[in-house]
Amino acid sequence: MYVGASVEFATACEATRPDLLRRACAQLENRADAEDLVQQVLLEAYATHRRPRTTWRAWMFAILRVRLADRQRRRRHPAFRIEQPDSLEAEWPEPASDLSGQRWRWA
């Protein structure tokens, strides 16, 4: 990270966070999910450890746009779910008759 990046990033976060939250709330219609998504965007922006080619604000909104698209994509195509049995006591078939007296031949 370059010198002064932490101060510059903190200032950009304070200025941009309300607008990011407003955009996320408009898209998600759930404030708790919107706050989680904005937090994820800010962490992702900080984790890259580099200065963006554009302004911090434009870069954070680009990350938000991608994350919103990811959420929409996941809602349209949910992951396959494996149904769990009602009980953990699965019914196993009865074991075959005693095979100890039989000879096995390998082909």
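The values are calculated or read from the model by the stated rules, or taken from the named source; none is laboratory data. Keep in mind that this is a model prediction, so the values were computed, not measured. Note: ideal-geometry Cβ built from the backbone for every residue, glycine included; neighbour counts use all protein chains shown.
Looking at residue 20, is it hydrophobic (A, V, I, L, M, F, W, C), at pLDDT 95 or above and under 30 Å from residue 9 (Cα atoms)? Yes; evaluated as a whole, the condition is true for this residue.
Assigned to a loop (DSSP other than H, G, I, E, B) and either surrounded by 10 or more Cβ atoms within 10 Å (Cβ to Cβ) or modelled with pLDDT of 65 or more (or both): which single residue out of 52, 85 fits that description?
Working: 85 fails: either surrounded by 10 or more Cβ atoms within 10 Å (Cβ to Cβ) or modelled with pLDDT of 65 or more (or both).
Exactly one residue qualifies, and that residue is 52.
Within the range 26-74, if we keep just the residues that are of a type in the set (D, E, K, R) and touching a residue at least 12 places away in the same chain (Cβ under 8 Å), the residue that is farthest from residue 11 (Cα to Cα) turns out to be 71.
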